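First up is the structure itself, then whatever we jot down about it.
The values are calculated or read from the model by the stated rules, or taken from the named source; none is laboratory data. Keep in mind the model is a prediction, meaning the values are calculated, not measured. When we count neighbours, we look across all protein chains shown, and the Cβ atoms used for this are built from the backbone with ideal geometry, even at glycine. Quick note on the areas: whole protein, heavy atoms, side chains included, nothing else; ligands and nucleic acids left out. Shrake-Rupley method; radii C 1.70, N 1.55, O 1.52, S 1.80 Å.
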Amino acid sequence: MKKNTLLSIMLSSCMIISLAACASGNSTGPQNSGSEASSDIPQASAAETTVNAGTDTSSPEEYQPVTITNMDNELVFEKAPEKIVVLSYDTAEILAALGLEDKVIGLAEADSSIDDVLPKYRDSVSKMPVIGGLSNGVPSLEAVLAMGPDFVYGASYSFMEQNAGKAQDYLDSGINVYGSTGTYSDIPTLEDTYLDIENLGKIFGVEDKASELINDLKNRVDAINSTEKSDKPLTVFVYDSEEDAPYTAGGSSLENKIIELAGGENIYKDLDSDFKSVAWEDVISKNPDVILINKYGGENDVQQKINFLKSMPELAEVTAVKEDHFVSASMLAVFPSIQNVEVIEELSEKFNEWK
């Protein structure tokens with residue numbers, strides 16, 4: 001998987017592959033470039049957030065100033081932003097879930113498409129004006145500034161000089177920028193996305209909607225965790241990309257946590273990395289029960305990968321291949337986003353079916 005592609009995806013978010021992180025051969029790995037980009041960005045946690053916000057507000061006179069720390073920058077909001085540029089579909093989806101789609105003046109598609117958005121938010125996201133004429137799905141700093149936004153929201157690695165420009169460049173121009181917390185955390189979790197939703201609720205004065213969304217997501221995860229778990233969970237191999245040396249999800253990836261919450265066990269949970277290349281011989285020796293394929297683009301990507309895996313004589317006796325236990329997830333679903341819960345539910349259902 002190529003680093004340039006992944007950055008592009010993850011900027012979609014996915015996201016950083018024929019989806020995002022992307023492409024050497026057929027596709028590329030997800031957080032590869034994201035991980036490298038985040039190494040230069042200080043880590044954040046819920047403790048970093050300080051807020052002087054009140055309840056939901058409906059007019060500028062009622063708005064209470066909000067101060068939030070994000071990507072090690074202190075952001076001060078004297079009023080709710082009115083002109084948002086959003087740099088990926090996963091972040092656009094969160095804004096739509098909070099009813100803020102009418103405030104978006106520009107959306108960068110990166111390597112994703114409207115088809116990757118959850119059906120219930122698709123109509124709202126489709127109202128957001130798409131930024132055209134982009135060679136790699138990401139607008140330049142100059143292009144974004146020319147749109148006159150007062151808030152720019154995307155993955156942390158969106159805010160790099162070679163992508164949409166550094167965060168400081170925007171701050172120097174009087175524009176607040178917000179990077180998804182899970183894209184610069186050492187080990188991303190669902191809590192990072194909950195924190196983002198909470199912060200956005202305070203920034204835009206829609207705290208009630210934010211709380212409702214967070215509670216819904218948490219309740220759905222709790223419902224899965226409340227079911228009886230097997231003493232021996234199904235083992236899962238994440239096949240992201242590459243044919244010679246498969247690129248897979250390690251223990252510090254969000255995907256590892258997603259598999260765990262769904263009731264499975266990542267065969268590379270002990271790998272101290274988010275994504276890394278491994279040897280087919282090692283995969284075979286671990287004999288996974290399930291193969292989770294990261295989908296870049298449409299279903300053709302998934303089917304091509306399944307066809308490739310089935311064509312390898314060495315994998316013929318691997319349980320997942322022999323039992324046809326293949327499942328897929330789009331990069332928006334395994335990249336920090338509200339789609340994480342959707343894929344946890346889908347995986348949990350499959351794991352229960354295949355036990």
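See the values below:
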{"read-out": "Contour minus Cα-Cα distance for A279 and N300 (0.36 nm per residue)", "value": "5.1 nm"}
{"read-out": "Hydrodynamic radius by Kirkwood, which averages 1/r over all alpha carbon pairs of segment 181-331, in angstrom", "value": "16.9"}
{"read-out": "Student exercise, segment 75-203 dipole from Lys, Arg, Asp, Glu Cβ charges, in Debye to nearest 20", "value": "320"}
{"read-out": "Candidate aspartates and glutamates - alpha carbon under 13 Å from K232, same-chain residues fewer than 8 apart omitted", "value": "E260, E265, D289"}
{"read-out": "Average accessible area per residue (Å²) across segment 166-247 - probe 1.4 Å, nucleic acids and ligands excluded", "value": "43"}
{"read-out": "Gyration tensor (alpha-carbon) shape descriptor, segment 284-354, a/c threshold 1.5", "value": "oblate"}
{"read-out": "Pairwise FRET efficiency - Q64 versus A146, Cβ, R0 = 41 Å, nearest 0.05", "value": "0.85"}
{"read-out": "Whether segment 68-216 is rounded, prolate or oblate, judged on the alpha carbon gyration tensor where a/c under 1.5 counts as rounded", "value": "rounded"}
{"read-out": "Between segment 269-337 and segment 179-252, the Cα center-to-center distance that results, in Å", "value": "20"}
{"read-out": "About the Cα centre, charge dipole magnitude for segment 93-146 (Lys/Arg +1, Asp/Glu -1 at Cβ), debye", "value": "160"}
{"read-out": "In Å², nearest 10: area of D244 left accessible to a 1.4 Å probe", "value": "150"}
{"read-out": "Positive-end residue, segment 258-355 charge dipole about Cα centroid, Cβ charges, pick of V318, A262, N340", "value": "V318"}
{"read-out": "Exposure of E353 as accessible area (Å², to 10), given a probe of 1.4 Å and all protein chains", "value": "110"}
{"read-out": "Cα-Cα over 19 Å, subset of K127/K166; K120/K209; K120/K257", "value": "K127/K166; K120/K257"}
{"read-out": "Gained length - A223 relative to E82, 0.36 nm times residue gap less alpha-carbon distance", "value": "47.1 nm"}
{"read-out": "Whole-angstrom Cα spans of segment 60-120 along principal axes, big to small", "value": "38, 27, 18"}
{"read-out": "Calculated FRET value between N307 and E349, using beta carbons and R₀ = 30 Å, to 0.05", "value": "0.80"}
{"read-out": "Share of carbon and sulfur in the accessible heavy-atom surface of segment 63-105 [1.4 Å probe, %]", "value": "38"}
{"read-out": "Accessible surface of segment 239-291 [probe 1.4 Å, protein heavy atoms]: carbon and sulfur percent", "value": "40"}
{"read-out": "Simple spin-label estimate for A316 and E161 in nanometres, 7 Å along Cα-Cβ", "value": "5.4"}
